[in-house]
Amino acid sequence: MKMKKLVLLLSLVVAFALSGPAYAHFQMIYSPDSVPKSNKIDLKLVFTHPFEAGHTMDIGKDEKGNIHPPIAFGEMHKGKQKDLLKDLKSISFTSLTNSGKAYEAKVKLKGMGDHIFYFVPAPYYEGSEDIYIQHCTKVIFNVAGAPTDWDTPVGDPLPVEIVPLDKPYALWTGNVFRGVVTCKGEPVPDAEIEVEYLNHDVEGNAFVKEAKVEAPHDALVTQTIKADKNGIFAFGIPRAGWWGFAALGAGGDLKHNGKELSQDAVIWVQALDMK
Amino acid sequence: MACLLLALFFVPQAVAHTPLCSCSDEGDGTILCEGGFSDGSSGAGVKMQVLDAAGKVITEGKMNEDSEFTFKRPEGDYTVIYDAGPGHIVKVPSSEIKE
């Protein structure tokens, strides 16, 4: 009897130790500046836990450990899409705890206005939840201040997306960022959105060790907000830097390889200090 | 149609907005400038000038209907002037024009 209790206790301890805090996954399309100083920029596409610079996942890995290539990567400028899938190069990205399979792309921002980059990875199998996760992600860079595309939905090939209501590259710290969660162009009522701060700088293909802030508790590592009945959400930005928004399950009830697929819409926005 | 013409005609005088101009070296001996305004309106018809280092006008023209202006890259330093009227002038020095 005593032995049984001990075994139970030990299993519980092991279970807790293995599960760890359930911080949110975020697909990033990262470059340091949303209004770049040069028209040639280096994008890092990393599937990670940005607040903690924690576990970085192998993009497109299935439950058997096979890596599937990305489904879509492109740029929209002045309403025209350009397929950039062939420009993705495989890299290994190092977090504070591991290395994961990621991608990079060297791109040129040709022409004044907004350049929306979008990415659809193959679904990733998350063992701890026994589900597939697919982060349909976009980020918007601007050249010379001309607004051309930022509030226009990319549409196909993004099945789900967050359409901004505030310019994602023209935010002061303290401004409110609003967006509409959409699925195939229709708003997703009451969508749940996870918000995370990119708390570690990126140098080369790695996170730097030093964190910008410390969260007093876990609910502030990944903040969770809700959209209203029109799929619209708002978030006051408390600190300069990159902020990621992931609308969970925006794609509805989906399956992949017979398992639940959480198809999430992700957008990254950058705030700058008034000084 | 009349409205369209009127709109085109009035665009260069859209003084409530910030004028914007950005140029890039096309790598084929030409420079391409794009112009517009901060509200997203076109810069079609805006007066364009290219000055040499001494301030002398070496090329002159207007933004075309696509709000673009192309010219042959001059020797030495130069400045592009996007002239949308008083107080709405953008100067782009050649040092900021890259491939």
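The values are calculated or read from the model by the stated rules, or taken from the named source; none is laboratory data. Since we're looking at a predicted model, the values are computed, not measured. In this analysis, Cβ positions are derived from the backbone assuming ideal geometry, glycine residues included, and neighbour counts consider all displayed protein chains. Accessible surface areas use protein heavy atoms only, side chains included; no ligands, DNA or RNA. Shrake-Rupley method; radii C 1.70, N 1.55, O 1.52, S 1.80 Å.
Here is a yes/no grid of residues against (1) more than 10 Å from chain A (Cβ to nearest Cβ); (2) assigned to a strand (DSSP E or B); (3) open to solvent by 40 Å² or more (accessible area, probe 1.4 Å); (4) not polar (S, T, N, Q):
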site	(1), (2), (3), (4)
B:Cys23	no, yes, no, yes
B:Glu34	no, yes, no, yes
B:Ala44	yes, no, no, yes
B:Val50	yes, yes, no, yes
B:Glu60	yes, yes, yes, yes
B:Phe69	yes, yes, no, yes
B:Pro86	yes, no, yes, yes
B:Lys98	no, no, yes, yes
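The numbered conditions (1) of a type outside the set (Ser, Thr, Tyr); (2) open to solvent by less than 40 Å² (accessible area, probe 1.4 Å); (3) modelled with pLDDT under 95 are all true for A:Phe93 except (3).
Of the residues in the stretch A:30-38, at least one is open to solvent by 40 Å² or more (accessible area, probe 1.4 Å), modelled with pLDDT under 95, farther than 22 Å from A:Ser92 by Cα and not hydroxyl-bearing (Ser, Thr, Tyr). Reported count of residues in the stretch A:96-139, each being within 15 Å of A:His68 (Cβ to Cβ), open to solvent by 10 Å² or more (accessible area, probe 1.4 Å) and among the hydroxyl-bearing types (Ser, Thr, Tyr), is 3. Counted as qualifying within the stretch A:65-155 are the strands (runs of 3 or more DSSP E) with 3 or more residues that are under 15 Å from A:Gln263 (Cβ atoms) and not hydrophobic (A, V, I, L, M, F, W, C), namely A:124-126, A:131-143.
This table checks each residue for (1) within 17 Å of A:Leu165 (Cα to Cα); (2) out of contact with any strand residue (DSSP E or B) (no Cβ under 7 Å at 6 or more places or on another chain).
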| position | (1), (2) |
| --- | --- |
| A:Gly179 | yes, no |
| A:Ile193 | yes, no |
| A:Leu198 | no, no |
| A:Glu214 | no, yes |
| A:Thr224 | no, no |
| A:Gly231 | yes, no |
